[in-house]
1. Give or take rounding to whole Å, what are the principal axis extents of the alpha carbon atoms in the protein assembly as shown, in descending order?
2. Between the alpha-carbon centers of segment A:93-151 and segment B:147-213, tell me the distance in whole angstrom.
3. Using the Kirkwood radius over Cα pairs, work out the Stokes-Einstein diffusion coefficient for chain C at 20 °C and 1.002 mPa s, in µm²/s as a whole number.
4. Per residue of C:210-217, count partner chain C-beta atoms within 10 Å of its C-beta, then hand back the mean as an integer.
5. Between copies, how close do the B:Ala55 label points come, placed 7 Å along Cα→Cβ, listed in nm from shortest?
6. Using C-alpha positions alone, give me the convex hull volume of segment D:43-133 per residue in cubic angstrom.
7. Run through the DSSP bridge list for the protein assembly as shown and note the antiparallel percent, rounded to the nearest 5.
8. Over segment A:1-101, consider all pairs of different Cα atoms and compute the Kirkwood hydrodynamic radius from their mean reciprocal separation; express it in Å, one decimal.
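Bear in mind these aren't lab numbers, they're just calculated from the coordinates by the rules spelled out. Remember, predicted model here, so these are calculated numbers, not experimental data. Neighbour counts are summed over all protein chains in view; Cβ atoms, including those assigned to glycine, are modelled from backbone coordinates with ideal geometry.
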Number of protein chains: 4
Amino acid sequence: MKCMKYGVVGFSGRMGKEIINVFTDAGHELVLKSDALGTERGGRPDVILDFSSSAALPVTIALCEGYAAPLIAGTTALGDADLTALKTLSEKVAVVQSFNFATGVTLLRMIMRDYAPLLESWDLEIEETHHNKKKDAPSGTAILLRDATGRKNAPTHSMRIGGVPGDHSLRFGNEGEILTFAHRALSRGVFAIGALSAAAFAVEAKPGFYTFEDVLNKGRKV
Amino acid sequence: MKCMKYGVVGFSGRMGKEIINVFTDAGHELVLKSDALGTERGGRPDVILDFSSSAALPVTIALCEGYAAPLIAGTTALGDADLTALKTLSEKVAVVQSFNFATGVTLLRMIMRDYAPLLESWDLEIEETHHNKKKDAPSGTAILLRDATGRKNAPTHSMRIGGVPGDHSLRFGNEGEILTFAHRALSRGVFAIGALSAAAFAVEAKPGFYTFEDVLNKGRKV
Amino acid sequence: MKCMKYGVVGFSGRMGKEIINVFTDAGHELVLKSDALGTERGGRPDVILDFSSSAALPVTIALCEGYAAPLIAGTTALGDADLTALKTLSEKVAVVQSFNFATGVTLLRMIMRDYAPLLESWDLEIEETHHNKKKDAPSGTAILLRDATGRKNAPTHSMRIGGVPGDHSLRFGNEGEILTFAHRALSRGVFAIGALSAAAFAVEAKPGFYTFEDVLNKGRKV
Amino acid sequence: MKCMKYGVVGFSGRMGKEIINVFTDAGHELVLKSDALGTERGGRPDVILDFSSSAALPVTIALCEGYAAPLIAGTTALGDADLTALKTLSEKVAVVQSFNFATGVTLLRMIMRDYAPLLESWDLEIEETHHNKKKDAPSGTAILLRDATGRKNAPTHSMRIGGVPGDHSLRFGNEGEILTFAHRALSRGVFAIGALSAAAFAVEAKPGFYTFEDVLNKGRKV
């Protein structure tokens, strides 16, 4: 991967810091950073990342337009108006938008969508385990994976243990066999690795509105 | 193990059949069988097994006394009067009594009793998975293992999948580590293998009232 | 599923017996049985199953032609000439041919073929566990799954424990995530359940040469 | 736990930094730090920790004697002369010495030592998974756990996947059951949490030479 110059909106938040860690480790150069207090510019970014809040979106869009820079949009609480604004932006630059940038989770969602229909007659049990500070249950990822199976009422078990970053599993079984699909996060910063793949994809892509699935499908042999 | 001559009370029930299967495979000889319809005698038994119901107990006790044969008592629904009768019998012959003859489950229970106190400050999540015909939840074994940890309120998750004979796990975790203890039955006839160990123990033992734990502890180097 | 009349070539072998067990439990009617000693006919079969040996193939093909009955061909040691003969037969009747009729294993192979290319940069470790009587290692299924990933040199670990019918797992991981795909057989007769799906498919299918994957894909919404 | 004043020998190394992180998070006060370049004193320590190298031991022992402070000795490459020196020190202060301060691993070792003899007739397979930068195989912890079972030739499988901090499992099985004992580290700094338990133990203990097992057994109800 060649060195990218990148900008981060929300650089001082938890997500912004993780992104900067992962991008710095991979040899990329931070040339622009922005948060609620203002924007520091140190060069023209090849790509801009925003995993902050919908409040920052107008600044983010202005920056992308100003630099003709593609955008990786990972903010989780976007409304319809926000998505419309991003789609308008995507007429000028590549925009990769997703509510989940964990590669493994996204692949598992794709596999469930493609293969759960062939497992329709099998029993299904879903489990997720997270650290004991997590308040909501089941996790958003568990719901997302369950929805992908098309079985919205599948029993779902939430466990809270110590410092577990996040485990998810879907087990299908019939009289003679069990098939298990499991994902385990090794750290809470997995999404930043996905953001890096997305950035590498976006700097090469034509203007357009892309999902994280589009980024992953790039890996397929044609 | 030398060849044992054995008798089975409740020989025509599901448990009786499993016992006969496992004992026959191991080369032992069935010389006495009894059920609600009567008793067939074909020789003097070295040991008698009863995994049937408390209704059969008077016959069982009379047979053990008559032959001075030790007893493996695996009936699950025994009342206080039944246990008193077995204790009286144990003054004359060895009696091994347990509500669970699965070796692995019993070992896990012993380990939980010995080690869960050292894991008191860790989170605990208990899981059990059984075939989708099982009606009660959580399983009796899950409750037995949970009780052994001394944490009667530990969260316990019951899953029902296809033809699973029976999985149980206890996961303890803190900020930095997870310890998992898991048992998996490979068939529904596990208890009969345990009954075989108990029988081999009983034919060598002095009169007395023994638990299945006593049978397993025989394996320790002194 | 409506009641099928079926025939079994190799009815007296281990595979034949498992098929008859599973088909009988599901309410189908055995009307023809054949082995090296001869053929007993009790009616016109809707479908014929042969999981025996290539030596039986000429008889099997003659029976299918005689009754215009579709064939489920699960014999594992077929040569090129055998496959050619089956293809010729498939001009007249539906033939479902596979070397593995375990549904879960076949689905896992399909998923690996479709998705392992997107996991190319991840580490991969493969494991299989079988009962301690199994002589060959790694198992044929482990090799089949490994081949489906396109990574013929992926490290593969074989474990031999007690009476395990057969577990397989593929674990992919990178710096931040682990994805696990696992299959567990609950009994050694899984293939017969797959043979039943294949038979239900074949009695409805036009003449042609089908794989077990074609049978499973029938489950997709169109 | 009341606030401890503590000293760290080897404070500038990787282990020293982890210890300071964990102790600081738990509210304890660093009052003395030492490394190859010298010693900075900022108060009288209640306990001193040394997880550095045997070269530092003379300084460490002098500090403990000077302050009459107990010692947590976690250096892994100690020779016989080093251990003798620590035993002499333990006549004056409490010394907790161990080659492994991971609580879960130590408990698992204790359980294996106590219970593996009852599983002697079961098959055993051992597995460990670590990050792909790890060079040695099997891991030291796998060897330590295997030795605790008394079965030095038990098959042991090493897997190297992405960023896994460290998983270990021991699976015992017979014809009808599998018992699995598994440990999973959630981060590479687990030992520092154990060092904290050891320090809390040592500040209350009489002079003497203690193992990490003595620290853990403190948790037992008497």
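1. Largest to smallest, the principal-axis extents are 87, 76, 45 Å.
2. Rounded to whole Å, the Cα centres lie 32 Å apart.
3. Details: Rh = 18.6 Å.
The Stokes-Einstein estimate is 115 µm²/s.
4. Working: counts 0, 0, 0, 0, 0, 0, 3, 2.
Neighbouring Cβ atoms belonging to other protein chains average 1 per residue here.
5. Its label point is 5.3, 7.4, 8.2 nm from the equivalent points in the other copies.
6. Details: hull volume 14.7 nm³, N = 91.
Considering the Cα atoms of segment D:43-133, their hull volume per residue is 162 Å³.
7. Values: 90 of 182 bridges.
Here the antiparallel bridges make up roughly 50 percent for the protein assembly as shown.
8. Working: mean 1/r = 0.0747 Å⁻¹.
Hydrodynamic radius (Kirkwood, Cα pairs) of segment A:1-101 is 13.4 Å.
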